[in-house]
Amino acid sequence: MTRASPPSEAAGGRLRVRAGRFPWLLVVPALIGLAFLVLPFAGLLARAPWATLGTRLLLPEVRGALWLSLTTATAATAVAVVLGVPLAWLLARAEFPGRRVARALVTVPLVIPPVVGGVALLLALGRRGILGRHLDEWFGLTLPFTPVAVVIAQVFVAMPFLVISVEGALRGADRRYEEAAATLGASRAVVFRRVTLPMVGPGVLAGAVLAWARALGEFGATITFAGNFPGRTQTMPLAIYLAMQESPESAIVLSLVLLGVSLLILVALRDRWVGAV
Amino acid sequence: MTEQETGSTGGEDAGAGLDARLALDRGAFRLDAALRARPGEVVAVLGPNGSGKSTALRALAGLESLAAGRIVLGGEDITTMPAERRPVGMVFQDYLLFGHLDALDNVAFGPRCQGAGRAEARARAAELLERMGLAEYANARPGALSGGQAQRVALARALAVRPRLLLLDEPLAALDVHARASVRSELRRRLADLDCATVLVTHDPLDAMVLADRITVLEAGAVVQEGPPGEVAQHPRTAYVARLVGLNLYRGHARGTRVAVAGAAQGEHAEVSLSERREGEVFVAFPPRSVALYRERPDGTPRNLWRLRIDGVERFGDQVRVHLDGDFPLLADITPEALAELELGGGVEVWAGVKATEVRCYPA
């Protein structure tokens, strides 16, 4: 060679340094893990009734369930953002007694079975619940077994994902920018809106995507708190479970739809905005 | 101590500018320093890392609470005022420009927070950028600016709130060596034009000498010296300042033309001869370049002569700096030729001579 070759050339050429011993101990379990995650979907695709797929998709109960799932999951994500971002700020930035307890409480919905969450929601917001009783008496509001209940159940299980993601972003953000804003006369609310929020934007988006995905897949709390009324509270996961009892082929179709929709949206968002997560 | 004289309140112009005594504890570290700056005056707080100078600046900005003392600015006590209400502008060490806003909106941020409308704030920001010679960079994001440009945007942003006190934290530290020289003299001009009080913090004596009207030297949380740059450079009062300005400094007791240097053993080696008579506690100082080194004891002229051991030799500009240890440790700058002629090396004992007329002596 007459002149030094750039690194890219060397990397692909014969000057590339050979790797050491192949790391079997890592690669083998990794491949088994990957297969374990992918195989069920292969089964789904293999058993799909492709011939009748088109007609099944157009059934009104399929469309109804899909529409309900998409709208409630999106509404739940919006609520989770509106309530969860300030909550994350409080946990990350404010000093108050019981902050550790509050942080622990936020993660409770992550660790309890969703069915238990649904029971708890029913006891709190149901017609005879501690809060629901008053809602019924004073405003004539009955939450359980309505589309609103679907959203509430989804917010309950999905918001912790958002709070944890945003809180992490807030802790990682350089607080000196907030100090700089304060020296320029910005109140804490203005600092949050004009400096902090733009800095943690990717974290909020990542959290929202996680929350949306979790809300879309929500089953246990929904069926307990909101019931299973087609067209009103029957979301896709509920419809799939029910279909599985009667005609497995319908369940497969519904599962494919849900899989396709979530993959489509998650992949699109991840590639565009959530590169770091 | 000097800080007690200046720390007391009620000076000749207590109403204008900054008059502060800052006391706070950070674990084992204690900061207790008095700082004053008249309107239009630039005061440099000079100190080594960990001397508390940045903490002092943060306390003035309201980003740090005091344990004791008070901060009076323009006659108003702002000791407990929240940062966002203080009439203080701050330029941070790495500028901290908001990455999601362009230069114009960075500068307009402060006026907006103070209640100006969007158009008014932008107009003021545009005017300031123009003054900084950055009109064509108004729509540039901070990431696209050079270090010097970013510093000017940060300065414009701090000035946009029309502060009565401007704070600069290591204003040149984030720049590379090439940019530093030009930005330093440019900053000097801009600071000289301001009518607010300015306090800047630096560990670089050159920055302090060039930028400031007055220097306050902070060591281990306390003010150890204060005065105009020339005065501080000529008459250092601590080893730290002496090292910064490149002087050999000793403290001793003068009797007539002889000074017994404290700390060294009593005897010939610990004495310094002066060209004029002095009495009492004094500092003696002389520059390393006034020291001559000899292998053999020279006859005649130099009045001060010490037998010392060479501890190390390093390059210093076009000179060679020789570290000498013994009863009277000192630094000597000699030419490389002189070094070669003397055939000096580590561990060799030599005679070091300084003329009495080269020795500065001032009261301690």
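Could we say that A:Gln245 is at pLDDT 90 or above and more than 28 Å from A:Pro86 (Cβ to Cβ) here?
Details: at pLDDT 90 or above: no; more than 28 Å from A:Pro86 (Cβ to Cβ): yes.
No; evaluated as a whole, the condition is false for this residue.
Here are B:Val232, B:Val183: which of them is in the same structural domain as B:Gly62 (by TED's automatic domain parsing) and within 29 Å of B:Asn248 (Cα to Cα)? Spell out the reasoning first.
Numbers: B:Val183 fails: within 29 Å of B:Asn248 (Cα to Cα).
Selected residue: B:Val232, the only one of B:Val232, B:Val183 that is in the same structural domain as B:Gly62 (by TED's automatic domain parsing) and within 29 Å of B:Asn248 (Cα to Cα).
Going by the conditions given, is A:Ala94 within 23 Å of the chain's Cα centre (by Cα) and either of a type in the set (Gly, Ala, Ser) or modelled with pLDDT under 90 (or both)?
On the way: within 23 Å of the chain's Cα centre (by Cα): no; either of a type in the set (Gly, Ala, Ser) or modelled with pLDDT under 90 (or both): yes.
Taking the combined requirement at face value, the residue does not satisfy it.
Which ones in segment B:67-109 are within 22 Å of B:Ala37 (Cβ to Cβ), aliphatic (A, V, I, L, M) and buried (at least 18 other Cβ atoms within 10 Å of the Cβ)?
B:Ile71, B:Val72, B:Leu73, B:Ile78, B:Ala83, B:Val88, B:Met90, B:Val91
Here is a yes/no grid of residues against (1) crowded, with 16+ Cβ neighbours inside 10 Å; (2) at pLDDT 95 or above; (3) among the aliphatic types (A, V, I, L, M):
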site: A:Ala51; (1), (2), (3): no, no, yes
site: A:Trp67; (1), (2), (3): no, no, no
site: A:Ala75; (1), (2), (3): yes, yes, yes
site: A:Arg99; (1), (2), (3): no, no, no
site: A:Val108; (1), (2), (3): no, no, yes
site: A:Gly117; (1), (2), (3): yes, no, no
site: A:Leu121; (1), (2), (3): yes, no, yes
site: A:Arg128; (1), (2), (3): no, no, no
site: A:Gly132; (1), (2), (3): yes, no, no
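Specify which of the listed residues (A:Ala158, A:Ala211, A:Ala243) is buried (at least 19 other Cβ atoms within 10 Å of the Cβ), assigned to a helix (DSSP H, G or I) and free of Cβ contacts under 8 Å to residues at least 40 places away in the same chain.
Values: A:Ala158 fails: free of Cβ contacts under 8 Å to residues at least 40 places away in the same chain; A:Ala211 fails: free of Cβ contacts under 8 Å to residues at least 40 places away in the same chain.
Unique residue meeting the criteria: A:Ala243.
Conditions (1) part of a loop (DSSP other than H, G, I, E, B); (2) modelled with pLDDT of 95 or more, marked per residue:
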site: A:Ala80; (1), (2): no, yes
site: A:Ala102; (1), (2): no, no
site: A:Asp136; (1), (2): no, no
site: A:Phe145; (1), (2): yes, no
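Specify the residue that is farthest from the chain's Cα centre (by Cα); the eligible residues are those in segment B:67-108 that are at positive phi and not in a strand (DSSP E or B).
Residues of segment B:67-108 that are at positive phi, as a first pass: B:69, B:74-75, B:95-96.
Of the ones still in play, those that are also not in a strand (DSSP E or B) are B:74-75, B:95-96.
Values: B:Gly74: 24, B:Gly75: 27, B:Tyr95: 20, B:Leu96: 23 Å.
Of everything passing the filter in segment B:67-108, B:Gly75 is farthest from the chain's Cα centre (by Cα).
Find the residue count for segment A:173-192, including only residues that are away from chain B (no Cβ under 11 Å) and out of contact with any Ser or Thr (no Cβ under 8 Å at 6 or more places or on another chain). Outline the logic, then answer.
Of all residues in segment A:173-192, those away from chain B (no Cβ under 11 Å) come to A:173, A:192.
Add one more test, that the residue is out of contact with any Ser or Thr (no Cβ under 8 Å at 6 or more places or on another chain), and what stays is A:192.
Summing the residues that are away from chain B (no Cβ under 11 Å) and out of contact with any Ser or Thr (no Cβ under 8 Å at 6 or more places or on another chain) in segment A:173-192 gives 1.
Please find, among B:Ala233, B:Ala208, B:Ala181, B:Ala222, the residue that is away from chain A (no Cβ under 14 Å), surrounded by fewer than 17 Cβ atoms within 10 Å (Cβ to Cβ) and among the aliphatic types (A, V, I, L, M).
Only one candidate passes the filter, namely B:Ala181.
(1) under 30 Å from B:Arg184 (Cα atoms); (2) at pLDDT 90 or above; (3) buried (at least 17 other Cβ atoms within 10 Å of the Cβ): which one isn't true of B:Phe283, the others all being true?
It is condition (1) that B:Phe283 fails.
Being surrounded by fewer than 16 Cβ atoms within 10 Å (Cβ to Cβ) and modelled with pLDDT under 85 is the filter here, so list the residues in segment B:328-348 that pass it.
Residues satisfying the conditions are B:Ala340, B:Glu341, B:Glu343, B:Gly345, B:Gly346, B:Gly347, B:Val348.
Within segment B:221-249, track down each residue that is among the small types (Gly, Ala, Ser) and part of a loop (DSSP other than H, G, I, E, B).
Step one: of segment B:221-249, the residues among the small types (Gly, Ala, Ser) are B:221-222, B:227, B:230, B:233, B:239, B:242, B:246.
Scanning segment B:221-249 gives B:Gly221, B:Gly246.
Give just the number: which of (1) over 23 Å from B:Thr198 (Cβ atoms); (2) away from every other protein chain (no Cβ under 14 Å); (3) without any contact (Cβ under 8 Å) to a residue 12 or more places away in the chain does B:Glu130 not satisfy?
Answer for B:Glu130: the failing condition is (1).
Would you please list the contacts, defined by Cβ atoms under 6 Å and residues six or more apart or on different chains, that run from a residue in segment B:346-358 that is in a strand (DSSP E or B) to a residue that is of a type in the set (Val, Ile, Thr) and modelled with pLDDT of 85 or more?
As it stands, the answer is B:Ala352/B:Val291; B:Val354/B:Val291, since those pairs meet every condition given.
What pairs come up if the first residue lies in segment B:95-117 and is facing chain A (nearest Cβ under 9 Å), the second is polar (S, T, N, Q), and their beta carbons are under 7 Å apart, counting only those six or more places apart or on different chains?
Final answer for the pair search is B:Tyr95/B:Gln151; B:Leu97/B:Asn106; B:Phe98/B:Asn106.
If you scan segment B:52-66, which residues turn out to be part of a loop (DSSP other than H, G, I, E, B) and either away from every other protein chain (no Cβ under 12 Å) or aliphatic (A, V, I, L, M) (or both)? Don't jump to the end; show me each part of the working.
Step one: list which residues in segment B:52-66 are part of a loop (DSSP other than H, G, I, E, B), which gives B:52, B:62-66.
Residues satisfying the conditions are B:Gly52, B:Leu63, B:Ser65, B:Leu66.
Considering (1) within 14 Å of chain A (Cβ to nearest Cβ); (2) touching a residue at least 40 places away in the same chain (Cβ under 8 Å); (3) touching a strand residue (DSSP E or B) at 6+ places or on another chain (Cβ under 8 Å), say which one B:Ile78 fails and leave the rest.
The number of the failed condition is (2).
Restricting to segment A:82-100, what's the tally of residues that are in a helix (DSSP H, G or I), free of Cβ contacts under 8 Å to residues at least 60 places away in the same chain and not basic (Lys, Arg)?
Within segment A:82-100, the first condition is being in a helix (DSSP H, G or I), and the residues that meet it are A:82-93, A:99-100.
With the extra rule that they be free of Cβ contacts under 8 Å to residues at least 60 places away in the same chain, the set shrinks to A:82, A:86, A:90, A:99-100.
Subsequent filtering for residues that are not basic (Lys, Arg) retains A:82, A:86, A:90.
Here the count works out to 3.
For segment A:195-208, which positions are buried (at least 19 other Cβ atoms within 10 Å of the Cβ) and within 7 Å of chain B (Cβ to nearest Cβ)? Show your work before the answer.
Filtering segment A:195-208 down to residues buried (at least 19 other Cβ atoms within 10 Å of the Cβ) leaves A:195-196, A:199-200, A:203-208.
Listed by number, the list holds a single entry, A:Val195.
Applying the selection to segment B:28-49, what residues are surrounded by fewer than 16 Cβ atoms within 10 Å (Cβ to Cβ) and either touching a residue at least 24 places away in the same chain (Cβ under 8 Å) or not in a loop (DSSP other than H, G, I, E, B) (or both)? Can you show your working first?
Going residue by residue through segment B:28-49, those that are surrounded by fewer than 16 Cβ atoms within 10 Å (Cβ to Cβ) are B:28-30, B:48-49.
Residues satisfying the conditions are B:Phe29, B:Arg30, B:Pro48, B:Asn49.
If a residue must be more than 8 Å from chain A (Cβ to nearest Cβ) and closer than 16 Å to B:Leu172 by Cβ, how many such residues does segment B:82-94 contain?
Qualifying residue count for the region: 3.
Confirm whether B:Arg157 is within 14 Å of another protein chain (Cβ to nearest Cβ), part of a helix (DSSP H, G or I) and either more than 21 Å from the chain's Cα centre (by Cα) or among the aliphatic types (A, V, I, L, M) (or both). Write out each step before concluding.
Values: within 14 Å of another protein chain (Cβ to nearest Cβ): yes; part of a helix (DSSP H, G or I): yes; either more than 21 Å from the chain's Cα centre (by Cα) or among the aliphatic types (A, V, I, L, M) (or both): yes.
When the stated conditions are applied, B:Arg157 passes them.
Here's a check for you: in segment A:214-240, which residue that is assigned to a helix (DSSP H, G or I) and of a type in the set (S, T, N, Q) is surrounded by the fewest Cβ atoms within 10 Å (Cβ to Cβ)? First the steps, then the outcome.
Taking segment A:214-240 first, the residues assigned to a helix (DSSP H, G or I) are A:214-217, A:220-225, A:236-240.
Adding the requirement that they be of a type in the set (S, T, N, Q) leaves A:222, A:224.
Working: A:Thr222: 31, A:Thr224: 21.
Step by step, filter segment A:214-240, then rank; the result is A:Thr224.
For the structure I just gave you, tell me whether A:Leu170 is surrounded by 15 or more Cβ atoms within 10 Å (Cβ to Cβ), among the aliphatic types (A, V, I, L, M) and in a helix (DSSP H, G or I).
On the way: surrounded by 15 or more Cβ atoms within 10 Å (Cβ to Cβ): yes; among the aliphatic types (A, V, I, L, M): yes; in a helix (DSSP H, G or I): yes.
Yes: the conditions hold for A:Leu170.
When you go through (1) within 14 Å of chain A (Cβ to nearest Cβ); (2) surrounded by fewer than 16 Cβ atoms within 10 Å (Cβ to Cβ); (3) not aromatic (Phe, Trp, Tyr); (4) not in a loop (DSSP other than H, G, I, E, B) one by one for B:Asp25, which number turns out not to apply?
Condition not satisfied by B:Asp25: (1).
Mind listing just one residue for me: the one in segment A:151-179 that is within 24 Å of the chain's Cα centre (by Cα) and of a type in the set (D, E, K, R) and, of those, nearest to A:Leu269 (Cα to Cα)? Before you say what the answer is, go through the steps one by one.
First, the residues of segment A:151-179 that are within 24 Å of the chain's Cα centre (by Cα): A:151-173.
Narrowing further to those that are of a type in the set (D, E, K, R): A:167, A:171.
Details: A:Glu167: 20, A:Arg171: 23 Å.
That would be A:Glu167.
The conditions are (1) under 28 Å from A:Leu205 (Cα atoms); (2) surrounded by 15 or more Cβ atoms within 10 Å (Cβ to Cβ); (3) under 22 Å from the mean Cα position of the chain (by Cα), and A:Ala182 fails exactly one of them. Which is it?
Status for A:Ala182: all satisfied but (3).
The values are calculated or read from the model by the stated rules, or taken from the named source; none is laboratory data. Quick caveat, the model's predicted, so the values are computed rather than measured. Methodologically, a virtual Cβ is constructed for each residue, glycine included, from the backbone with ideal geometry; neighbour enumeration extends over all protein chains shown.
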